[in-house]
1. Which one of 349, 316, 334 is farthest out on the positive end of the charge dipole of the range 275-399, using unit charges on Cβ (Lys, Arg +1; Asp, Glu -1) and the Cα centre as origin?
2. Please tell me which of these pairs span more than 27 angstrom C-alpha to C-alpha: 152/252; 220/446; 104/308?
3. Relative to a virtual label point 7 Å from the Cα of residue 113 in the Cα→beta-carbon direction, which members of the range 131-155 show backbone nitrogen distances below 18 Å?
4. In whole percent, what relative contact order does the range 308-422 give with Cα contacts below 8 Å and a gap of six or more residues?
5. If Lys and Arg each add +1 and Asp and Glu each add -1, what is the summed charge of the other residues whose beta carbon sits under 12 Å from the beta carbon of residue 103?
6. When a/c is below 1.5 the answer is rounded, else prolate if a/b is larger than b/c, else oblate, so apply that to the range 327-471 with a ≥ b ≥ c taken from the square roots of the Cα gyration tensor eigenvalues.
7. Would the range 268-375 count as rounded, prolate or oblate if I go by the C-alpha gyration tensor, calling it rounded below 1.5 in a/c and otherwise prolate when a/b exceeds b/c, oblate otherwise?
8. Could the peptides 184-196, 251-263, 105-117 be put in order, highest first, of the mean number of other beta-carbon atoms found within 10 Å of their residues?
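What follows is calculated from the coordinates using simple rules that are stated; it is not laboratory data. Predicted model only: the values in this text are computed from it and were never measured. Don't worry about glycine lacking a Cβ; one is built from the backbone with ideal geometry, like all the others, and counts go over all protein chains shown.
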Amino acid sequence: MLKASDALSIRGKQTHSSYWRRGAVAAMLSFFVSPSVEAETSTINQTNKQTLLADALPTLLPPINPSSGNQYVAGEVSLDQALNETFGQSPRAASVRLQLGIAKSAIPQALTFPNPSLIVYNGFIAEQTYQLGASIPIEQPWKVFFRLVSAKQQIKQADLEIQRTLWLLRSNVRRAFLEVVLAEEMALTLAQVAELTNRLLLAAEKRANAGDVANLDVFKAKLAHSQAQIELAQSQRQVKLTKRRLNVLRGKDHAVELSVPRLPPFELKVQRTELLPDFDQALPTLDQLITTAHQKRLDVRLVNQAIKTNEAALKSTYASILPNTQFNVGRSITGNPPDGPKLNGYFIGINQEMPVFDFKQADVARYRASLRQLKIEAEAQKNIVSEEVAVAYERVSIARERIQAYQDHLLADSEQVARLARRSYEVGQSDITAAIAAQQANIQVKTQYLEAVRSYQQAFTDLEQAVGQIL
């Protein structure tokens with residue numbers, strides 16, 4: 001169940017707000033310029049500038065591989081690889097797995113028999129009797145059988161506990177992996193912002209030197225470039241932080257070089273990736289997921305296994321009500337007073353404790369009460385699971401619709417508006433404030449798209465956690 005073969009999870013924790021806050025600030029001060037803008041602007045005039053507005057421009061997040069499918073550049077660490085390395089090399093996973101060996105010690109414990117006792121009796125002075133022998137407890141075979149059954153149930157319960165811990169570790173790796181991806185995307189975005197604000201500064205200086213605009217435009221461009229540089233430095237530190245965390249989770253040194261796949265380009269509506277939903281494949285129905293969760297969810301299975309373990313312990317308690325029989329055997333020497341003769345022989349005896357006052361009534365009462373509580377807990381756990389699945393399912397549906405809306409038209413519309421605003425400033429039809437405002441809206445839309453991806457993956461991970469299996 002814990003194989004690494006699925007989509008990435010997301011959790012927007014403390015880094016969440018810092019990512020988008022920095023992105024929004026940088027967006028307000030950024031201005032996109034095409035790499036070939038100087039060549040293009042040399043041909044712009046009042047008659048053909050509207051045609052050039054349709055020219056293709058570099059996207060904020062260009063693709064690594066133009067082909068579809070989950071393909072990776074050599075040297076990149078995919079999500080599957082990160083999960084496999086975590087389960088294979090991380091000391092956290094090793095520590096969890098070794099707990100099974102501790103649980104298996106219940107088997108030799110169940111096969112442990114009571115120790116025999118040595119009998120030494122010396123009554124030669126008063127009775128002229130001497131005995132040397134052993135008291136051997138005889139355990140009923142059904143006690144061993146029920147102890148073994150109880151031990152196996154305990155091992156199964158421990159195994160489920162290990163699976164649940166590894167399942168949680170898997171979700172942590174998915175979240176850490178996505179934090180690296182989003183941190184790098186934000187850093188690359190801010191790097192482009194810094195470069196483009198520098199080009200905007202150069203354009204403003206040229207226009208100011210030509211007397212086309214006031215020096216205020218130069219000051220605004222300088223401020224935008226300085227702030228973009230500061231935000232870029234902060235984002236690069238965030239990338240280092242997230243990579244170190246993922247390396248540690250994988251069981252690697254924190255300073256190991258790490259490269260992860262990029263997000264697909266914004267203009268593509270459909271591209272198979274670990275990060276985005278496949279809109280060609282519909283989600284299972286909510287009823288199907290709830291039914292699956294009741295069967296597969298480890299929390300539910302753990303309660304059901306606890307019931308079986310409790311029942312086995314109760315049967316073992318019933319089997320141990322009758323105490324063990326003590327079989328005594330040994331050599332006996334008697335002087336046979338007062339006249340003798342001295343006799344040598346053997347003695348054989350049986351001691352049987354009777355369960356009159358102690359017949360395990362306390363243990364039986366405790367196991368019965370625990371059994372009643374566990375059965376109610378099983379129903380309560382199913383109720384909790386149903387709620388978690390229903391909430392996560394709706395969140396996934398909402399996030400899918402949001403991503404689809406961005407991919408269908410919002411991203412393209414935003415890019416077109418930003419293009420038009422940039423060209424207008426280049427040809428002197430608008431001021432720098434309007435251009436920055438348009439670019440701000442464009443960056444904000446793209447930042448919100450990343451937030452939509454984050455929300456989707458977080459909801460998808462929560463849904464997987466609620467269902468208890470890979471979706």
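1. 334
2. 152/252
3. Flagged as within label range: 134-149.
4. 24
5. Residues close to residue 103 contribute a combined charge of +2.
6. Judged from the Cα gyration tensor, the range 327-471 comes out prolate (a/c at least 1.5, a/b above b/c).
7. Note, shape of the range 268-375 comes out prolate.
8. The most tightly packed comes first, giving 184-196, 251-263, 105-117.
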